Amino acid sequence: MTGRAVLVTGASRGIGRAVARAFAAAGDRIAVHYRDSEELAAGLLASLPGTGHLTVQADLADPRAASLAVAEAAAGLHGIDVLVNNAGVYLAHPVTEVTYPQWQAAWHQTLSVNLVAAANVTWCAVQHMIPRRAGCVINVSSRGAFRGEPDHPAYAASKAGLNAFGQSLAQALAPHGITVATVAPGFVETDMAAEALAGEAGERIRAQSPFGRVARPDEIAAAVLYLASPAARWASGAILDLNGASYLRP
């Protein structure tokens, strides 16, 4: 069997869709995870080059569903060599504008999907990597983890937590031959960002980068593909900024 077995969460659209396509184009076998977008996931599956791909449905905020999804992916792909934790939500909840119940709900949902689900999926996937003493985990974070997100504080906090999680596991899993790295994009032309990128607000966002634009999903996918390659093993633990110089951290 050729190629690697790659599970991409939240792969039906946006960054995840581009990541799935990039790995498939490299000759890998892809498990396309989705939560609700069955039609989009099926369309992506049909368009992927190569063979051996499959779709996996799950609400990853449910720990049991996350475990079953990883097991289904591993069975269909004959193992898991690469996990890309991309699934996420971006919920607005400005502290001065929402009620206390709305505030709690936004924090619960965001952390459940963006951080806890990624941790659970990673634990399950790593069980398939440890016996082989090989594997790779790539987390999709955000520049918001570093600069803050005033209207989306739970999102920023979840991504900061994801960064720390990835670095912790990079150290824990290195003795087992497993690498862990993170990409931290700024705004990307995706469905999730469509509302924010519309109108004059979108123009201001594009102006944040000296390139005068935001990223394309395929640009993020190219970085993920590199970090998952054997050439990037020494980048384990790294967090790669992908924001077009729109935010430069120390």
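Over the chain, dividing the summed -39,500 (n - 2.57) contributions of all DSSP H runs of at least 4 residues by the number of residues returns a 222 nm mean residue ellipticity of -13500 deg cm²/dmol. Using only the alpha-carbon atoms, how far is helix 117-129 inclined from the longest principal axis of the chain? Give it as 0 to 90 degrees, nearest 10. Roughly 20 degrees between the two axes.
Checking (i) 139; (ii) 127; (iii) 118 against the coordinates, the calculated volume of the Cα convex hull per residue in Å³ falls under label (ii).
For TYR226 and THR99, the FRET efficiency from 1/(1 + (r/R0)^6), where r spans their Cβ atoms and R0 equals 45 Å, is about 0.55.
If one computes P(r) from the Cα atoms of region 105-250, what percent of pairs lie at distances over 28 Å? Cα-Cα pairs in region 105-250 separated by more than 28 Å: 21 percent. For region 171-234, the spherically averaged projection of the C-alpha convex hull amounts to 5.8 nm².
Rounded to the nearest 20 debye, the dipole magnitude of the chain is 800 debye, with +1 charges on Lys and Arg beta carbons, -1 on Asp and Glu beta carbons, and the Cα centre as origin. Choose one of ALA181, ALA221, ALA196: the residue whose Cα lies farthest towards the positive end of the charge dipole of region 172-225 (beta-carbon charges +1 Lys, Arg; -1 Asp, Glu; about the Cα centre). Ranked along the dipole, the leading option is ALA181.
Return the loop-located GluC sites (Glu not before Pro) in region 148-250 (DSSP other than H, G, I, E, B) with at most 12 other Cβ atoms within 10 Å of their own Cβ; answer none if there are none. Here the sparse-neighbourhood loop sites are GLU195. Calculated on the alpha-carbon coordinates, the convex hull of region 1-94 measures out at 90 cubic angstrom per residue. The mean sequence separation of alpha-carbon pairs under 8 Å and at least six residues apart, normalised by the residue count of region 91-250, gives a relative contact order of 25 percent.
On the basis of the beta-carbon distance and an R0 of 22 Å, HIS108 and ASP151 show a calculated FRET efficiency of 0.80.
Read the figures in this text as sums done on the coordinates, not as results from a lab. Keep in mind that this is a model prediction, so the values were computed, not measured. Here Cβ is always computed from backbone atoms with ideal geometry, including for glycine, and neighbour counts include all displayed protein chains.
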